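I have placed the structure first, in the form of structure tokens, so that the comments after it can refer back to it.
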Amino acid sequence: RALLSDTPAARATAQQDRLFKGVSDFWTEVSQLIAKGDFAAVRRKFPADENPPLLSGIEGVPLAWFEIKPRPQHITVQNGKVPRLDLEVRYRLNGQPKQHAFLHLAECMIRAEADGRLLASNLVFHSRWPFWTRGFSKAVESQRIVMFYKPRPGEDEKAAATARTFEQAYAKLASTTRLPLVDRYVGFHCSSYEDYESLTGGRASMENGSVSQVSWDEDGAARVYNQAFFYNEAATRKVGPLLRWTEGASTIEHELVHLAMIDDTQPWLPGWLVEGLAMHYTRQVQVTDARILADAFATGLTLRAIAGMGPLVLKDDELLRVNVRYELAARVVGWLVENFDEEKVLAFYKAFPKTFPASWRAVVTTPDIEAANTPERQAERVRVTEQLLHKHFDLTIDDLDAAVRKIMRREAQNGR
């Protein structure tokens, strides 16, 4: 109780230090217990009548490291309680490289018992929750991926099949590209639209798969967390059984390119470069779409029109409009690789994180589509893109646009 008692204003700073140390020590102990797997002891850090959601499904998760710590904040005490304590929750899974980890933001209430013990209650997560709290508590492991899934009848083999396809994609890209692949990744096999959306917040009807990442400002540098792959198996049921494997393999290969580049994929990268690179490496450019793309050019599609976009998908977008943006992105990146080389294009991509524009500093996360594509953020992307295009290729956005338009017109005229 002494820890959480009010003090005169003259001693406010010292009291804040003591408060922060007290709650920090509490969560350090909880973190150590979770890392050891002593979940019964963790439950005793919460009220007896409360089942902390953090522990729901955690028993089978292969944790290599776990840490909960309070965020820097002014701690308010009311009637022997801290009504809100903001937290950062970090963890790494067995086999993940050290530069990869998961990060979630959460909040809780802290109170002191009569015997001086602290208890936490009302722990909730902001935005995305840890995957095991959403039922993804079982995993199949292979050399290059740990694939989580919900323990349902028939899911073991489906998840294993997805892991095998991932291994094939990894082997192919490792032998044919210079992509900076790490030794092992984390993936999630989602067998329903609901499962996919509960983990990603994406639009399951328009996405066969995706990757996640969160960027966080740590000491003036943007650190990437939550590097993971999500396979929307339910979406492949839209195609016939003979095409289903091809569709799934193509999706997994595409998302693996994103995973390979994810530590350099910051929110201020233009979407045309992010998606165009994946489309190029997975040979998803459709030459038969030249006429469709030419028609889109005639109705206002330009590289400059999408140059400031982060995600190439807008709210309530039509699938055709999304597809032509991806197609244009693939053509632009393909032109760069053909006229310069792969190494120079990868260096161009990797130069973006080093810029760290001022408007993206402080807490930086991957925002929703609307927040990512505000006029201010789009203008920032265009400015950085123009700067780096000039530095690496002595080109402008309009130079790239003109070069691709010329090729598209020729292909359309030739009936391709």
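The values are calculated or read from the model by the stated rules, or taken from the named source; none is laboratory data. Note that the coordinates shown come from a computational prediction; the quantities given were computed from them, not determined experimentally. Cβ coordinates were reconstructed from backbone atoms using ideal geometry, including for glycine residues, and neighbour counts include every protein chain displayed. With ligands, DNA and RNA removed, areas are computed over all heavy atoms of the protein, side chains included. Shrake-Rupley method; radii C 1.70, N 1.55, O 1.52, S 1.80 Å.
Any residue in the stretch 107-118 that is within 24 Å of LYS21 (Cβ to Cβ), open to solvent by less than 10 Å² (accessible area, probe 1.4 Å), touching a helix residue (DSSP H, G or I) at 6+ places or on another chain (Cβ under 8 Å) and not polar (S, T, N, Q)?
Yes, the stretch 107-118 contains at least one residue that is within 24 Å of LYS21 (Cβ to Cβ), open to solvent by less than 10 Å² (accessible area, probe 1.4 Å), touching a helix residue (DSSP H, G or I) at 6+ places or on another chain (Cβ under 8 Å) and not polar (S, T, N, Q).
Within the stretch 297-322, being modelled with pLDDT of 80 or more and of a type in the set (A, V, I, L, M, F, W, C) holds for LEU301, LEU303, ALA305, ILE306, ALA307, MET309, LEU312, VAL322. When ARG111, ARG117 are screened for being modelled with pLDDT under 95, among the basic types (Lys, Arg) and touching a strand residue (DSSP E or B) at 6+ places or on another chain (Cβ under 8 Å), only ARG111 passes.
Within the group LEU93, LEU85, LEU118, which residue is touching a Cys at 6+ places or on another chain (Cβ under 6 Å) and either more than 30 Å from ALA260 (Cβ to Cβ) or touching a residue at least 60 places away in the same chain (Cβ under 8 Å) (or both)? Residue meeting the stated conditions: LEU85.
Of the residues screened, VAL324 is one that is more than 21 Å from THR177 (Cα to Cα), crowded, with 16+ Cβ neighbours inside 10 Å and of a type in the set (Val, Ile, Thr).
Scanning the stretch 40-67 for residues that are in a helix (DSSP H, G or I) and open to solvent by 30 Å² or more (accessible area, probe 1.4 Å) yields ALA40, ARG43, PRO53, GLU59, GLY60.
With respect to the stated conditions, VAL89 is in a strand (DSSP E or B), under 30 Å from ASP217 (Cβ atoms) and open to solvent by less than 40 Å² (accessible area, probe 1.4 Å). Do we find that ALA298 is surrounded by fewer than 18 Cβ atoms within 10 Å (Cβ to Cβ) and among the small types (Gly, Ala, Ser) in this structure? Yes, satisfied. Pairing residues of the stretch 30-46 that are farther than 16 Å from LYS69 by Cα with residues that are open to solvent by 40 Å² or more (accessible area, probe 1.4 Å), at Cβ distances under 7 Å and at least 6 apart in sequence or on separate chains, gives PHE39/GLU59.
The residue list THR365, THR355, THR385 contains one member that is open to solvent by 30 Å² or more (accessible area, probe 1.4 Å), among the polar types (S, T, N, Q) and either modelled with pLDDT of 95 or more or under 24 Å from LEU314 (Cα atoms) (or both), which is THR365.
Given the criteria under 22 Å from the mean Cα position of the chain (by Cα) and open to solvent by less than 80 Å² (accessible area, probe 1.4 Å), does GLY135 qualify? Show your work before the answer.
Details: under 22 Å from the mean Cα position of the chain (by Cα): yes; open to solvent by less than 80 Å² (accessible area, probe 1.4 Å): yes.
Criteria met by GLY135.
Condition test on LYS98, is it touching a Lys or Arg at 6+ places or on another chain (Cβ under 8 Å) and free of Cβ contacts under 8 Å to residues at least 12 places away in the same chain? Considered against the rule, which asks whether it is touching a Lys or Arg at 6+ places or on another chain (Cβ under 8 Å) and free of Cβ contacts under 8 Å to residues at least 12 places away in the same chain, LYS98 comes out as yes. Within the stretch 149-200, the set of residues being open to solvent by 60 Å² or more (accessible area, probe 1.4 Å) and among the basic types (Lys, Arg) comprises ARG152, LYS158, ARG164, LYS172, ARG178.
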